[in-house]
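**Student:** What follows is a structure written as structure tokens; I'll ask about it next.
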Amino acid sequence: MTDTSWPVRFLRFLVGLLLLPVCAASLRAVYLLLRVAYPETGSAVPLPELALAAGFVLWLLVFFTLPAPTRSYILAHELTHALWGMLMGARVSRIEIKGQRGSVSLSRTNTLVLLAPYFFPLYTIIVVLLYYALGLVVDMQPYYLLWLGLIGFTWGFHLTFTIGTLMQYQTDIQSCGRLFSYALILLLNVLGICLWIVLMSPATLEQLWASLRQAHGEVGHILQAWGVQAWEKLAIHRSAQ
């Protein structure tokens with residue numbers, strides 16, 4: 001279990017506050033990166049992006065019209081805990097799925113292990129790895145658009161279930177602190193979107209880095225202006241007394 005003493009909880013709360021402008025800047029960076037990828041207004045979206053969007057929309061249709069595959073999400077949730085636990089050197093002794101609940105027993109854990117299911121789209125990663133593994137023995141190019149559709153479908157699965165799960169009481173979130181958890185989950189998901197844009201568009205890693213720097217600079221200037229205004233108002237209030 002993670003440390004839940006009040007000094008640690010307070011520190012996580014402060015870190016969560018500091019992450020909020022970082023999240024805002026990262027969201028701004030997504031917009032800037034999309035403008036780099038598609039600079040001309042009204043330009044046609046290429047087939048790869050359409051395939052990705054089609055897979056996402058198809059998942060939304062499935063999610064809102066058919067019974068939700070909750071057990072599939074619970075399985076992915078617990079497997080992700082286990083995977084990240086092993087990556088952090090923990091031993092997995094048990095994974096259990098019962099009805100609408102699941103659990104995993106690890107020899108040790110930390111914040112990333114606890115929050116991993118909310119920012120790590122396991123089924124999407126499996127689809128990506130499977131595509132490249134099959135590409136070692138067969139020509140996968142004819143199935144490229146289908147692969148992208150599966151990525152959109154599985155990432156939609158991750159997004160919808162993550163939002164739905166976070167709207168409920170979660171011991172993982174309580175252990176790490178709500179503000180810190182929500183901010184870190186949002187940040188890592190947004191950064192994941194930035195990486196997908198680089199992979200699926202003409203945008204480059206250098207342009208991603210430039211977009212992040214520009215966005216963080218803009219948010220920093222806004223916060224600085226707000227701070228100056230608040231300080232001036234406080235000074236005027238004190239002089240009036």
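Just so it is clear, none of the values below were taken in a lab; they were calculated from the coordinates. Everything quoted here is computed from the prediction, not taken from an experiment. Note that we place each Cβ from the backbone using ideal geometry, even for glycine, and neighbour counts take in every protein chain shown.
**Student:** Using only the Cα atoms of the stretch 166-241, each taken as one equal point scatterer with no solvent, compute I(q) by the Debye sum, divide by I(0), and report log10 of the ratio at q = 0.11, 0.17, 0.20, 0.22 Å⁻¹.
**Tutor:** -0.56, -0.86, -0.92, -0.97
**Student:** If you don't mind, there's one more thing I want to ask. Could you go through the stretch 166-181 in sequence order and give the Karplus-derived ³J(HN,Hα) for each residue, using 6.51 cos²θ - 1.76 cosθ + 1.60 with θ = phi - 60°, rounded to whole Hz, and x for Gly and Pro?
**Tutor:** So the Karplus estimates, Gly and Pro as x, are 5, 7, 10, 5, 10, 5, 4, 5, 4, 5, 8, x, 4, 4, 4, 5 Hz.
**Student:** Based on the Cβ-Cβ distance of MET140 and TRP6, what FRET efficiency does E = 1/(1 + (r/R0)^6) give at R0 = 45 Å, to the nearest 0.05? The partial results should precede the final answer.
**Tutor:** Values: r = 53 Å, r/R0 = 1.18.
Result of the calculation: an efficiency of 0.25.
**Student:** Apply the Debye scattering formula to the chain, with a single equal point scatterer on each alpha-carbon and no solvent, then give log10 I(q)/I(0) at q = 0.10, 0.16, 0.17 Å⁻¹.
**Tutor:** For the requested q values the scattering log ratios are -0.62, -1.32, -1.40.
**Student:** Which value results when the Cα radius of gyration for the stretch 46-168 is divided by 2.2 N^0.38 Å? Could you put the intermediate results ahead of the total?
**Tutor:** Details: Rg = 16.0 Å, N = 123, 2.2 N^0.38 = 13.7 Å.
Expressed relative to 2.2 N^0.38 Å, the Cα Rg reads 1.17.
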